[in-house]
1. Could you check, for the range 41-50, whether at least one of its residues is open to solvent by less than 50 Å² (accessible area, probe 1.4 Å) and not in a helix (DSSP H, G or I)?
2. Return yes when V35 is among the β-branched types (V, I, T) and assigned to a helix (DSSP H, G or I) and no when it is not.
3. Could you pull out the residue among I25, I112, I36 that is of a type in the set (V, I, T) and closer than 22 Å to F166 by Cβ?
4. Counting only residues that are within 13 Å of K118 (Cβ to Cβ) and of a type outside the set (A, V, I, L, M, F, W, C), which one in the range 61-91 is least open to solvent (accessible area, probe 1.4 Å)?
5. With E95, E103 as the choices, which residue is open to solvent by 50 Å² or more (accessible area, probe 1.4 Å), touching a residue at least 12 places away in the same chain (Cβ under 8 Å) and more than 21 Å from E274 (Cβ to Cβ)?
6. Test L181 against the stated conditions and say whether it is of a type in the set (A, V, I, L, M, F, W, C) and at pLDDT 75 or above.
7. Which residues, counting only those in the range 156-188, are open to solvent by 60 Å² or more (accessible area, probe 1.4 Å) and either of a type in the set (S, T, N, Q) or within 24 Å of W239 (Cβ to Cβ) (or both)?
Amino acid sequence: MSTDYLSMFIDETREHLQAWSDKMIEWEHSHDGTVIPEIFRAAHTIKGMAMTMGFAQMGEITHHAESLLDALRTQRINVTTDGVNVLLEALDTLETLLGEVEETGAETQLDIAALLRKLDVAASGEDKNRSNAADCGIDQQSQVLAAVVEQARKKGMRVFEFTIGFKEECMMPLARFAQVLQQFDPDALLSTTPDSTVLDSGDYRGDISFIVASEDDLEHFGERIADVSEVFVKAVREWMDQDLHSPDPETLSETVLPENGLIAGEHVDAVIVEALKRDLYVYEVGVRLATATAMKGPRMFMVFEAIGGQDHLLHTQPAMVDIESEKIERDGQFIMWSTSGGDAIDRASLELVEGELVEVGEC
């Protein structure tokens, strides 16, 4: 890792942690919620830089803290003592990790699982016991879902799983989700995550995943979802026969993008950091083409055009020259920038034909 990049990361992360700390103190004394967006921006920037540099623990903590701060700034949940305390705990842990990075160039291995759980519980506003109880039925639910999907595929239907998010200006996300569902036959909906007990509560504002079965193709689905304003698609995948025979949810959740860290190496780290400093949104996108796809290179260029053209790209795997010469198998990964959040996949990219999986992650 370049010492220049590391030094820049340490200096800028320390500045953002100090801003986080200062605003927390101001918030505790004044109870002025207008400082929450400033803490959110600090967490968001630290998350992007940490994941870019490969510091997974710092990235995970800030990602979960960002979810809590987003829930607070949009008033999906009320401010509580527990919420404030866990944000301070997250801040202390990040400062500890940064200190180790400054001394050794690497993160110390801390057990952050308990901290992440506390951040998630605070962000959801749910009781801890309720959260633990909800975990008990996961295996059984995934077995039932796999059986339902298998029956749908035996009837000749295609099964798609969408994950949607809501734009920041969206005031009534569950009403928008209801509009999405109105685009489909009620019998087509197989599952939602979270389930109906959470969605029916009326105050959920996070991402929603849903599985639908239909004879329609992906383009048709994409057009329907794109007709609903303030909604954007974060990921879409088609369930195939090989997905149906394991009760393990991790097995069912096939991915193109790596679970930890970004697809880029050191050579684009500085570019990503610079984009984040300019308040641009940076996304990593993974596309898996169907096995039978002809002209895979041109198909990937269709995706590039869908997100605004090649000038929005910061990095691709395979390299652009390999894509141009058709040296591409099924998976393509790229990093792109955007001036606005939540629209990395628009109608055009949803209409990607012969694609089995599209994933988007924010840096």
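The values are calculated or read from the model by the stated rules, or taken from the named source; none is laboratory data. As the structure is a prediction and not an experimental result, all values here were calculated from the model. Please note: Cβ atoms are built from the backbone with ideal geometry, for glycine as well, and neighbour counts cover all protein chains shown. Areas reflect the complete protein model, heavy atoms only, side chains present, ligands, DNA and RNA absent. Shrake-Rupley method; radii C 1.70, N 1.55, O 1.52, S 1.80 Å.
1. No, that holds for no residue.
2. Values: among the β-branched types (V, I, T): yes; assigned to a helix (DSSP H, G or I): yes.
Criteria met by V35.
3. Working: I25 fails: closer than 22 Å to F166 by Cβ; I112 fails: closer than 22 Å to F166 by Cβ.
Of I25, I112, I36, the one residue that is of a type in the set (V, I, T) and closer than 22 Å to F166 by Cβ is I36.
4. Across the range 61-91, the extreme among qualifying residues is G83.
5. E95
6. For L181, the condition - of a type in the set (A, V, I, L, M, F, W, C) and at pLDDT 75 or above - is met.
7. M157, R158, Q179, Q182, Q183, D185, P186, D187
Here's the yes/no breakdown for (1) modelled with pLDDT of 90 or more; (2) within 21 Å of E169 (Cα to Cα):
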{"site": "A43", "(1), (2)": "yes, yes"}
{"site": "V84", "(1), (2)": "no, no"}
{"site": "L88", "(1), (2)": "yes, no"}
{"site": "D92", "(1), (2)": "yes, no"}
